[in-house]
Each structure stands twice: as C-alpha cells, then as structure tokens.
Amino acid sequence: MSCIRMTVLAVVVLIGGASTSSAALAQPAEFGLDAITPGLEPTVNIDFGGAMMAGFSASVATSNKDMSTLLDSITRLRLMVFEKFTASADFTKRLNVAIDQLTSTGWSQALRVREDGEVVDLFVLENGEIFTAMALVVQEEGEALVLANVRGEIDPALVGKLISEGNFFDGFDF
C-alpha cells in the first residue's frame, strides 16, 4: 500500500473510529509513539495540536459543518508512517508493553483485524458518551507500519453520522 494511501487510511480510521514501559505511556490519553520507535525514521511524521486542528476545522466550516465540529473536538493528532517496515523483536516487545499499559489504564481494544500478514488494532479511551483518545496500530509486514494517536472529546454519534451520510470528506480537496 502506498505511503499516501496508508496515511489517509490511518487518519480515516482514527477520526472515523476517533493514545510502554512507564516511559512509553506518557500520560493516560497518550500512546507514546516516540518511545515505541526509538531510532526509526518515519516517512510521514505528523504532530498537530489544537491550533492546527482548529485551522483544518475552519477550512471546511462552510462546506462540511459536521466535519468542522469533529475537527474542533480534536486537541492532538499524532501520526507516524514507516515504509518498508519489518518488526524487530525489540520493536515488538516495546509495542506489546505499550499496548499492555493502554489496556491496564482503562483503554478498550475496539477493533482487531488480522488478514494476509496485516494487523490492524484500534484502542479507545471512553468517558461517558465520548472518546477522549484513540490509538491505532497498522502493521503490514515488510511494507508499512502506521502508529497514530488522537486526543480530544470525540463524539462517536457525529462520526457515525458523517460516515452514514457519505459526507466524511466533503470540503477536502485531495
């Protein structure tokens, strides 16, 4: 899968769904991507805070009000894509520690897909009727690794509405 397609897929899954040792889990709503990937150089490395997300929100406000509202609810988007990635034993250990810490601090594994050498894991941290964080791991052995974390107050009902109406990308020019 191409780097661009993998990146778009990761963002769609995160926003559409919605963060290892003690150093790897930086805070309850943070999936410590840098602690999982020391020494690795990502092909794509995105770290957007609330100001950048507000800018994206404003850019679609007139054409897609629901998407604008969703983007406004995101306070941080962290995404790393690695191409031609093969998991080492050390990487796998760090990732497993990070996942264990997520699940031991209240995160739920919302999705796991294993197919043809690909693994997709989506974790969510819920607070009542909202997601406060989502973490995504996509591994395509020998091809790509995607790690992502989204934080904010993400309304799953709004996400469902955008997806069901087919308006998810209205206002974006890809």
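The values are calculated or read from the model by the stated rules, or taken from the named source; none is laboratory data. These numbers come from a predicted model, not from an experiment. Note that we place each Cβ from the backbone using ideal geometry, even for glycine, and neighbour counts take in every protein chain shown.
Per-structure values
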{"read-out": "Some residue of the stretch 116-124 being touching a Cys at 6+ places or on another chain (Cβ under 7 Å) and either within 25 Å of LEU162 (Cβ to Cβ) or hydrophobic (A, V, I, L, M, F, W, C) (or both)", "value": "no"}
{"read-out": "Odd one out for ALA87 among (1) among the hydrophobic types (A, V, I, L, M, F, W, C); (2) within 16 Å of the chain's Cα centre (by Cα); (3) not in a helix (DSSP H, G or I)", "value": "(2)"}
{"read-out": "Filter result for VAL113 (β-branched (Val, Ile, Thr) and closer than 22 Å to ILE46 by Cα)", "value": "no"}
{"read-out": "Filter pass, PHE123 being surrounded by 17 or more Cβ atoms within 10 Å (Cβ to Cβ), of a type in the set (Phe, Trp, Tyr), in a loop (DSSP other than H, G, I, E, B) and in contact with a strand residue (DSSP E or B) (Cβ under 9 Å, 6 or more places away or on another chain)", "value": "no"}
{"read-out": "Members of the stretch 67-111 found to be of a type in the set (Val, Ile, Thr) and touching a Lys or Arg at 6+ places or on another chain (Cβ under 8 Å), listed by number", "value": "ILE74, THR75"}
{"read-out": "Any hit, the stretch 12-23, residues being assigned to a helix (DSSP H, G or I), within 17 Å of the chain's Cα centre (by Cα) and at pLDDT 90 or above", "value": "no"}
{"read-out": "Any chance ILE163 is surrounded by 22 or more Cβ atoms within 10 Å (Cβ to Cβ) and β-branched (Val, Ile, Thr)", "value": "no"}
{"read-out": "Residue that is at pLDDT 90 or above, surrounded by 18 or more Cβ atoms within 10 Å (Cβ to Cβ), touching a strand residue (DSSP E or B) at 6+ places or on another chain (Cβ under 6 Å) and not in a loop (DSSP other than H, G, I, E, B), where the choices are GLN109, GLN139", "value": "GLN139"}
{"read-out": "Residue in the stretch 64-87 that is touching a Phe, Trp or Tyr at 6+ places or on another chain (Cβ under 6 Å), within 13 Å of ASN149 (Cα to Cα) and modelled with pLDDT of 90 or more present", "value": "yes"}
